[in-house]
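Enquirer: Let me give you the structure first, and then I'll get to my questions.
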Amino acid sequence: MTSDATTAVPSPGEEGAAPRAGSVTGPADPADERRRARRSRRYRWDVKWSPYALIAPFFLFFLAFGLFPLLYTGWASLHRVELGTPTDMEWVGLRNFTRLWDDEFFWHALRNTFTIGLLSTVPQLMMALGLAHLLNYRLRGSMFFRVAILTPYATSVAAATLVFVLMFSRTDHGMINWGLGLIGIDAVDWQNGDWTAQFAVSSIVIWRWTGYNALIYLAAMQAIPHDLYESAALDGASRWQQFRHVTIPSLRPTILFTCVVSTIGATQLFGEPLLFSQGASPTGGSDHQFQTLGLYLYEQGWFNQHLGRSSAIAWTMFLILVLIGLVNWAISHRLRKSA
């Protein structure tokens, strides 16, 4: 006959009982406590200061290459200072700014900047809106077309401008004049005419930035709820009516954004008119016919070597951009209230 052997398991209070997992069997080690305290302190510092360390490089570069030049330019605009002796400054107060009121070349450059900006911004944004509307529909190979319209934006200013210089050449080998000759129109001297030169420079800007703005509009269109289009279709609205009464109102903030950004870019226009002129001259043509504010600033500072005067022009451009920003804020505030 066999009997079951019963093994007694000692209770936690009995002698020989094994300690439970995680139970404290004695006083804590002071060294271990100090290590834990240091790790906890480093963790708190990491959580608190790591975000600032990650964004610090941007602010350091901004201070060195953004804020300091801005403040130094403002200080230089109040002095008479030449490029050859930048440390010799003579205080003149607001004289560099007041001289701009009587400077016909400044007003001519400002007028050219306005007309070139108008000629480039309005067609550019209208074409971008139309391209985005076409790409918003399901087209075969739509990804190819999206990449293709962005290609001009990736092209350098120098390469694009030099190609357009050849296209707008006044000789017979210029593509534009060759095309005009096919339909019986005489060759046009694009570079030496006022409106023709400004139109040619504007065409470079249109070619480079239309695709970029089209992709911005396309992204905004894809965020519009499809329920709005379905409701409009049920009400009998055509594609054009849906575009007018659904797409355009929904794109108001985006259209305003692109208008402001394009206006700022037009105010700072420099590379295209510089390379479009013969010999990359800062005068913007033989009669200053397409000299922008950026070119006039460059001419005063680096050719005439008047750093104080060019600094005043730079700050005038900055104030114009601030005014554009205030107009943008007022319009957007009004649109939000009306919505």
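The values are calculated or read from the model by the stated rules, or taken from the named source; none is laboratory data. The shown structure was predicted, so the numbers you read here are calculated from the model rather than taken from an experiment. Every residue, glycine among them, receives a Cβ derived from its backbone with ideal geometry; neighbour counts consider all protein chains shown. The area values use the complete protein model at the heavy-atom level, side chains included, leaving out ligands, DNA and RNA. Shrake-Rupley method; radii C 1.70, N 1.55, O 1.52, S 1.80 Å.
Enquirer: Kindly indicate the residue of the range 165-184 that is in a loop (DSSP other than H, G, I, E, B) and small (Gly, Ala, Ser) and also farthest from Trp195 (Cα to Cα) among those meeting that condition.
Expert: Filtering the range 165-184 for residues that are in a loop (DSSP other than H, G, I, E, B) and small (Gly, Ala, Ser), the one farthest from Trp195 (Cα to Cα) comes out as Gly184.
Enquirer: Also: Tally the residues that are aromatic (Phe, Trp, Tyr) and in contact with a Phe, Trp or Tyr (Cβ under 7 Å, 6 or more places away or on another chain), restricting the search to the range 79-134.
Expert: 2
Enquirer: Can you find a residue in the range 218-234 that is more than 30 Å from Thr161 (Cβ to Cβ) and polar (S, T, N, Q)?
Expert: Among the residues of the range 218-234, at least one is more than 30 Å from Thr161 (Cβ to Cβ) and polar (S, T, N, Q), which makes the answer yes.
Enquirer: Pick from the range 172-200 the residues that are farther than 17 Å from Phe290 by Cβ and of a type in the set (Asp, Glu): which of them is modelled with the highest pLDDT?
Expert: The qualifying residue modelled with the highest pLDDT is Asp186.
Enquirer: Something else: Which ones in the range 151-169 are open to solvent by 60 Å² or more (accessible area, probe 1.4 Å) and either touching a residue at least 24 places away in the same chain (Cβ under 8 Å) or touching a Ser or Thr at 6+ places or on another chain (Cβ under 6 Å) (or both)?
Expert: Hits for the range 151-169 are Thr151, Tyr153, Leu162.
Enquirer: Consider Gly284 carefully, then state whether it is more than 21 Å from the chain's Cα centre (by Cα) and open to solvent by less than 30 Å² (accessible area, probe 1.4 Å).
Expert: For Gly284, the condition - more than 21 Å from the chain's Cα centre (by Cα) and open to solvent by less than 30 Å² (accessible area, probe 1.4 Å) - is met.
Conditions tested, residue by residue: (1) within 20 Å of Ile116 (Cα to Cα); (2) at pLDDT 90 or above.
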{"site": "Ser277", "(1), (2)": "yes, no"}
{"site": "Leu297", "(1), (2)": "yes, yes"}
{"site": "His306", "(1), (2)": "no, yes"}
{"site": "Ala312", "(1), (2)": "no, yes"}
{"site": "Gly325", "(1), (2)": "yes, no"}
{"site": "Asn328", "(1), (2)": "no, no"}
{"site": "Lys337", "(1), (2)": "no, no"}
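Enquirer: Restricting to the range 204-225, give me the number of residues that are closer than 16 Å to Leu135 by Cβ and either open to solvent by less than 80 Å² (accessible area, probe 1.4 Å) or without any contact (Cβ under 8 Å) to a residue 40 or more places away in the chain (or both).
Expert: Residues in the range 204-225 being closer than 16 Å to Leu135 by Cβ and either open to solvent by less than 80 Å² (accessible area, probe 1.4 Å) or without any contact (Cβ under 8 Å) to a residue 40 or more places away in the chain (or both): 14 in total.
Enquirer: Can you find even one residue in the range 78-92 that is closer than 30 Å to Gln242 by Cα, assigned to a loop (DSSP other than H, G, I, E, B) and modelled with pLDDT under 90?
Expert: no
Enquirer: On to the next question. Restricting attention to the range 107-124, does a residue exist that is in a helix (DSSP H, G or I), among the aromatic types (Phe, Trp, Tyr) and either buried (at least 19 other Cβ atoms within 10 Å of the Cβ) or at positive phi (or both)?
Expert: Checked against the condition, which is being in a helix (DSSP H, G or I), among the aromatic types (Phe, Trp, Tyr) and either buried (at least 19 other Cβ atoms within 10 Å of the Cβ) or at positive phi (or both), the range 107-124 yields no hits at all.
Enquirer: Which of the residues spanning the range 232-251 are open to solvent by 50 Å² or more (accessible area, probe 1.4 Å) and either touching a residue at least 40 places away in the same chain (Cβ under 8 Å) or more than 35 Å from the chain's Cα centre (by Cα) (or both)?
Expert: The answer is Ala233, Leu234, Asp235, Gly236, Ser238.
Enquirer: Please determine whether any residue of the range 252-266 is among the charged types (D, E, K, R), out of contact with any strand residue (DSSP E or B) (no Cβ under 6 Å at 6 or more places or on another chain), modelled with pLDDT under 85 and more than 16 Å from His108 (Cα to Cα).
Expert: Looking for residues that are among the charged types (D, E, K, R), out of contact with any strand residue (DSSP E or B) (no Cβ under 6 Å at 6 or more places or on another chain), modelled with pLDDT under 85 and more than 16 Å from His108 (Cα to Cα), one finds none in the range 252-266, hence no.
Enquirer: Let me ask another. Do we have any residue at all in the range 137-154 that's at pLDDT 85 or above and part of a loop (DSSP other than H, G, I, E, B)?
Expert: No - not one qualifying residue is present in the range 137-154.
Enquirer: Can you list the helices (runs of 4 or more DSSP H) lying wholly within the range 226-339 that have 2 or more residues being out of contact with any Pro (no Cβ under 6 Å at 6 or more places or on another chain) and more than 26 Å from Asp102 (Cα to Cα)?
Expert: Fully inside the range 226-339 and qualifying: 226-234, 239-242, 252-267, 271-276, 307-338.
Listed here are the residues, each with its yes/no results for (1) among the charged types (D, E, K, R); (2) surrounded by fewer than 10 Cβ atoms within 10 Å (Cβ to Cβ); (3) farther than 30 Å from Phe318 by Cα.
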position	(1), (2), (3)
Pro30	no, yes, yes
Arg34	yes, no, yes
Tyr43	no, no, yes
Asp46	yes, no, yes
Leu54	no, yes, no
Phe59	no, no, no
Ala64	no, no, no
Leu67	no, no, no
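Enquirer: Now a separate question. Pairs only if they're at least six apart or on different chains, beta carbon under 7 angstrom, first in the range 274-290 and closer than 15 Å to Trp107 by Cβ, second open to solvent by 40 Å² or more (accessible area, probe 1.4 Å) and not acidic (Asp, Glu); list them, first residue then second.
Expert: What qualifies is His288/Phe105; His288/His108.
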